[in-house]
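Inspection log for the structure reproduced underneath, given as structure tokens.
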Amino acid sequence: MSSRPELQAPPEIFYDDVEARKYTSSSRIVGIQAELSERALELLALPDDGIPRLLLDIGCGSGLSGETISENGHQWIGLDISRSMLDVALERETDGDLILGDMGQGLGLRPGLIDGAISISAVQWLCNADKSCHEPRLRLKAFFGSLYRCLGRGARAVFQLYPENNAQRELILSFAMRAGFAGGVVIDYPHSSKKRKEYLVLTCGPPSLSTATPRAKGEDGSSCSDDESSGDEENQTVCISDRHRPRKKQKLTKKGKTRAWVLKKKEKMRSKGNVVPPDSKYTARKRKAHF
Amino acid sequence: MRLLTHNMLSSNIKGVINGFPLRIEAERVVEKQVDFNPDFLKNMFSKIDWKALADASKIMGYPELPDELPDSSLLDSDEFLHKFHHALLELHLEEGALVCPETGRRFPVNKGIPNMLLHEDEV
């Protein structure tokens, strides 16, 4: 059985009372959701003038992401298709307003008023046809079209999503572009399988300098893989045991791990988003031999 | 549901040209205290459809707002801002319905959550 909830049941059925409660009582999920929405809000790049904005939370669920919006002092309107999830949100007394609705049917909102939209792990649901009347392409078109209309000019929309494969990612992105959005995908920690997170960052309006996609985390160009030429190969010797046929290169590093090796390893771990102690003059130094 | 949301929502039924504003059928209205923030109100003032807000707040039992779009100079008056704040953010429609002005389709509101799900033939 797949671990992807999209493949198990439609959202309004999958997130029933039991699942909704489970979702919100798991501190692990709550933590991840808070982290994701914090990052999504960061990517939304709202002007830093202290004025609360009106944001849209698409697929707000039990209001975990909305809580982060409230903490940042903004007003929000949440939309979700699962009544059970919204009931949990009511119990948690979230600050935003909740609407029971299906994003695939288009957002029924007046045009040009919303200052930004976020969505955490929701948009990939649109790619499924759960009912006979569902046509994923039409639903994506309706969703992105109506979103484009209701956002103000220059407003951003940030969707965190888990696309199943490359085709799905391209499908979602192509419909966003067709609706008129500019932007692209930002991938945080692309080298890590666990911390890797994808965000679709879209801007209302034609592409310009201000709509350039922001930089991802843990992706510092030179960080890993490319600097193999320098450093730790200085002690390498080619050992020829057979006069006629040179064997494969054998590393003869009696000294163990060198400083360069350690630094490279640390850099790689950093790019995966792990917590790594800073480099200092003590890095990779040998301990004193005590008796 | 606050009147802020009501002011944003419009009917999304296929073929409806002007689904705004949705008519409110109020059965139960509650008031919840919200922090007063003049910056947000000033930001929202230009975006709000005033007539819809004034009408809606009347139906919700708060007839203090002027019928006509007030001059933006009123935004400096604290009294006006407090009224605006109360109508926009503190009045909640708890039970009732929203009715599409063109087709008359009812969207029920339960526990403050409007059900905007459309039937298959309305998409």
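The values are calculated or read from the model by the stated rules, or taken from the named source; none is laboratory data. These numbers were taken from a predicted model, which means no experiment stands behind them. Glycine gets a Cβ as well: all are built from the backbone with ideal geometry, and neighbour counts include every protein chain shown. Side chains are part of the model used for accessible areas, which takes the heavy atoms of the whole protein and leaves out ligands, DNA and RNA. Shrake-Rupley method; radii C 1.70, N 1.55, O 1.52, S 1.80 Å.
Once label points are set 7 Å from the Cα along Cα→Cβ at both A:Ser132 and A:Ile32, what is their separation, rounded to one decimal in nm?
Output for this residue pair reads 3.6 nm.
By its C-alpha gyration tensor, with a ≥ b ≥ c as the square roots of the eigenvalues, how is the protein assembly as shown shaped: rounded for a/c under 1.5, else prolate for a/b larger than b/c, else oblate?
prolate
Would you kindly work out the equivalent ellipsoid of segment B:3-122 from its C-alpha gyration tensor and give its semi-axes, the square roots of five times the eigenvalues, largest first in whole Å?
27, 16, 12
Out of the total accessible area of the protein assembly as shown (probe 1.4 Å, heavy atoms of protein only), what percent is carbon and sulfur? Walk me through the intermediate numbers first.
On the way: 10960 of 21850 Å².
Reported share for carbon and sulfur atoms: 50 percent.
Go through segment A:44-52 residue by residue and turn each phi into a ³J(HN,Hα) via Karplus (6.51, -1.76, 1.60, θ = phi - 60°); whole Hz please, and just put x for glycine and proline.
Values, residue by residue: 5, 6, 6, x, 8, 10, x, 7, x Hz.
For the protein assembly as shown, report the accessible area per residue in Å² (1.4 Å probe, heavy atoms, rounded to an integer).
53
Where both partners of a DSSP beta bridge lie in the protein assembly as shown, what percent of those bridges are antiparallel, to the nearest 5?
Rounded to the nearest five, the antiparallel share is 60 percent.
Straight-line reach from A:Lys131: which lysines fall under 19 Å, measuring Cα to Cα and dropping same-chain residues less than 8 apart?
A:Lys141, B:Lys14
Would you be so kind as to list the residues of segment A:88-111 that have their accessible area lowered by at least 20 Å² in the full protein complex compared with their chain by itself (1.4 Å probe)?
With the partner chains in place, segment A:88-111 has these residues losing at least 20 Å²: A:Leu90, A:Asp97, A:Leu98, A:Ile99, A:Leu100, A:Gln105, A:Gly108, A:Leu109, A:Arg110.
Sticking with the crude label model, points 7 Å out along Cα→Cβ, report the distance from A:Arg259 to A:Leu90 in nm, one decimal please.
Modelled inter-label distance: 6.5 nm.
Report which residues of segment B:103-123 become buried by 40 Å² or more of accessible surface when going from the isolated chain to the complete set of protein chains (1.4 Å probe; DNA, RNA and ligands ignored).
The answer is B:Lys111, B:Ile113, B:Leu117, B:Glu120.
Just how far, in whole angstrom, is segment B:44-99 from segment A:109-148 if you go by their alpha carbon centroids?
Using only Cα atoms, the two centres lie 30 Å from each other.
Which sequence of A:His191, B:His85, A:His290 reflects their accessible areas, 1.4 Å probe, from the largest down?
Details: A:His191 95, B:His85 5, A:His290 155 Å².
I get A:His290, A:His191, B:His85, largest accessible area first.
Using DSSP to define loop residues, name the GluC sites (Glu not before Pro) in segment A:29-96 whose beta-carbon has at most 13 other beta-carbon atoms within 10 Å.
Loop-located and lightly packed - A:Glu93.
Tell me the total accessible area that A and B bury against each other, 1.4 angstrom probe, in square angstrom rounded to 100.
Chain pair A/B: roughly 2600 Å² of buried accessible area.
Sequence neighbours fewer than 8 away in the same chain don't count; with that in mind, list the lysines whose C-alpha is under 19 Å from B:Lys111.
The qualifying lysines are B:Lys32.
Going from most exposed to least, what order do B:Asp78, B:Asp55, A:Asp188, A:Asp115 have by accessible area with a 1.4 Å probe?
Sorted by accessible area, descending: B:Asp78, B:Asp55, A:Asp115, A:Asp188.
In terms of solvent-accessible area of protein heavy atoms at a 1.4 angstrom probe, what is the ranking of A:Val185, A:Val123, B:Val123, A:Val18, highest value first?
So the residues, ranked largest to smallest area, are A:Val18, B:Val123, A:Val185, A:Val123.
For A:Lys257, give me every one of the lysines with a C-alpha distance below 20 angstrom, ignoring sequence neighbours fewer than eight places off in its own chain.
Partners within reach: A:Lys249, A:Lys265, A:Lys266, A:Lys268, A:Lys281, A:Lys286, A:Lys288.
Could you tell me the accessible area of A:Ile187 in Å² (1.4 Å probe, neighbours in place), rounded to the nearest ten?
Here the accessible area works out near 40 Å².
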